[in-house]
Structure formats: structure tokens, C-alpha cells
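**Q** Structure incoming, see below.
Taken together, the values in this text are just the output of simple stated rules run on the coordinates, not laboratory data. If you're wondering where the values come from, they're calculated on a predicted model, not measured in any experiment. Neighbour counts are summed over all protein chains in view; Cβ atoms, including those assigned to glycine, are modelled from backbone coordinates with ideal geometry.
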Amino acid sequence: MSEANRDPLWLAILQETEQAVRDEPLLASFLHMTVLRHSTLEDVLAFHLSSKLASPVMDARALLELFREALAADPQISRAMRADISACYDRDPACDRYSTPLLYFKGFHALQSQRITHWLWQQDRKTLAYFLQNRISEVMSADIHPAARIGEGVMLDHGTGVVVGETAVIGNNVSILHGVTLGGSGKERGDRHPKIGDGVMIGAGAAILGNLRVGECAKVGAGSVVLDDVPPHTTVAGVPAKVVAQLGPGTPALDMDQRV
């Protein structure tokens, strides 16, 4: 049995896509070109992202080869991508198929694109990483610095307006809604962006500013401005954000309960 045939997520996506072709013949060409003609999930991701990010300056073929190179060189990108697909499927009530984020969610696309720019950054190919960061922000409306470190099982819900600074760190199993900023608090240099712990949920429109830590399994209310450390297992809300509740043993990023 081939490696691809032992990949249950890939097999599920193939089955979903075959059913989608039967359900909507108008999309048959798109679905065959994007999914069904490929042999692995990595091939689909490389093809789909390169098609979306192509421009007169850098065509889809050049990007496809670059993305394939990154995926082959760093298996962590593939592992994280799979965890991110599962995160969307498990947490987003609008996502009823594993293929949906892969094909249609630009928050997911922006996140996977950043994983590739991060690989470029680590290879000291910073000029190309900056070029792609700019292109990603134009196409997907999310501006994530290539140097930012992002864990697995992350969901960028919608992704529109998300800004993540150079020295930001995002842990595992984090959920971030649209319009969130992980930014600096001035023009200082060095380590100046937030560190987001595992299991954190950040509500829509929240701004977390400066070199501070949001502790594991904390919740940041929508529209909040966070300027100080957030203790683990707490909810903060307001401008500036204050602790408004102590949380139990659950994981806000998985529960996706927006109430504060």
C-alpha cells in the first residue's frame, strides 16, 4: 500500500471531493485540477496555494516548485497543516468536511502560506519571504510576519484582518478570530510581540500589544485591548483588558464559547 493510501485524512478528502463532483458538475474541472489529479495532500496544498498567490512577477509554476521544496524539506509543515485542517473541522460549525478549509477557507490558506514563508526565513531567504508575505496579505487579507512562530492545530477563523508581528509566538491548539492583532506597543526593537499559550481563544477584533504572555487556556474577549500578561485559565475583556472570570479545566480554543 502506498504512503498516500495509508493517510486517512487524504482518503477522506478524496472521497468528499469525488462526492462534490457528483453534486456540482459545474465545479468538476476545478475539483479535478485542484484535488483529484494529485497523489498526496501536500501536492494539493502546493498547487492550490501557488495558484492563489501567482502574479505577473512570479508565476504559478515557480511558486509550485518552491512550495514543493519547502514541504519536502520540512515535514513539520505537513504535520501542522493536517492538525490545522482537523482544528477547523472540529471547532467551526460551518465546516462539515475536511476538504472545506483546504479548498475554501482563506484563514487556513494564509496560515499554511506563512508556514512556508517561515521556512524560507529560517533558510535566510528573507527577501523572498518578505515578497510572499506581501502577496499573502494582498490575496488573503492576513498579514503574518515570516519570522512569527506558530504551533499546530491553529484555526484562523475567516482570517480577514489578522496581523501577527515578527517576534510573536502562537502555541498549539489556538483559535483566533478575524480582526485580531498580535502587535507591538511602540517602536522598540527586539522581542516586542505577544506570546500566546496553548489552548487560547482570541475573540474577534482583539488587540494584544507588546512583549507579554497570554497564559495557556485563557480567553480574550472580542474587541479587547490587552496590554499586560494574562494569567492561565482566565477570561479577560475590555479596554484595557481586565480579568473578568476564572475558567475551569476546559480549553477555550476547542470550546469556542464567545461569551465572557
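**Q** At 1.306 mPa s and 10 °C, plugging the Kirkwood radius over alpha-carbon pairs of the stretch 1-143 into Stokes-Einstein gives what diffusion coefficient in µm²/s?
**A** Working: Rh = 15.6 Å.
Taking Rh from Cα pairs, D becomes 102 µm²/s.
**Q** Further, regarding this structure: When 229, 23, 257 are ordered from fewest to most other Cβ atoms inside 10 Å of their Cβ, what list results?
**A** Fewest-to-most ranking of 229, 23, 257: 23, 257, 229.
**Q** Determine the gain in length on full extension of the stretch residue 260-residue 242; use 0.36 nm per residue of separation and subtract their C-alpha separation, reporting nm with one decimal.
**A** Between residue 260 and residue 242, full extension yields 5.3 nm more.
**Q** Along the three principal axes, how long is the stretch 128-243 when you take its alpha carbons, biggest first, rounded to the nearest angstrom?
**A** Ordered largest first, the stretch 128-243 gives principal extents of 41, 30, 23 Å.
**Q** To continue, here is another question. Fewest to most neighbouring Cβ within 10 Å: what's the order for 16, 42?
**A** Values: 16 18, 42 22.
Placing the least packed residue first, the sequence is 16, 42.
**Q** Sticking with this one: Would you list which aspartates and glutamates come within 15 Å of residue 126, measuring only between C-alpha atoms, while excluding same-chain residues fewer than 8 positions from it?
**A** Partners within reach: 166.
**Q** Pull out a ≥ b ≥ c, the square roots of the eigenvalues of the alpha-carbon gyration tensor of the stretch 202-258, then state rounded if a/c is under 1.5, prolate if not and a/b is larger than b/c, and oblate in the remaining case. Could the numbers behind the result be given before it?
**A** Details: a/c = 1.71, a/b = 1.37, b/c = 1.25.
The shape class here is prolate.
**Q** Obtain the radius of gyration and the Kirkwood radius of the stretch 121-172 from its C-alpha atoms and give Rg over Rh.
**A** 0.96
**Q** Further, regarding this structure: When the chain is fully extended, how far beyond the present Cα-Cα distance does residue 79 get from residue 55, taking 0.36 nm per residue of separation?
**A** Roughly 5.8 nm would be gained on extension.
**Q** Simple spin-label model, 7 Å along Cα-to-Cβ: residue 124 to residue 191 in nm?
**A** Label at residue 124, label at residue 191, 2.3 nm between them.
**Q** Antiparallel DSSP bridges in the chain: what percent, to the nearest 5?
**A** 15 percent
**Q** What value, in deg cm²/dmol to 500, does the helix sum -39500 (n - 2.57) over DSSP H runs of n ≥ 4 give at 222 nm once divided by the residues of the chain?
**A** One gets -12500 deg cm²/dmol as the mean residue ellipticity at 222 nm.
**Q** Using the count of nearby Cβ atoms within 10 Å as a rough guide to exposure, how do 38, 109 rank from fewest to most?
**A** 38, 109
**Q** Can I ask one more? Nearest-5 percent of antiparallel DSSP beta bridges in the stretch 135-260?
**A** 15 percent
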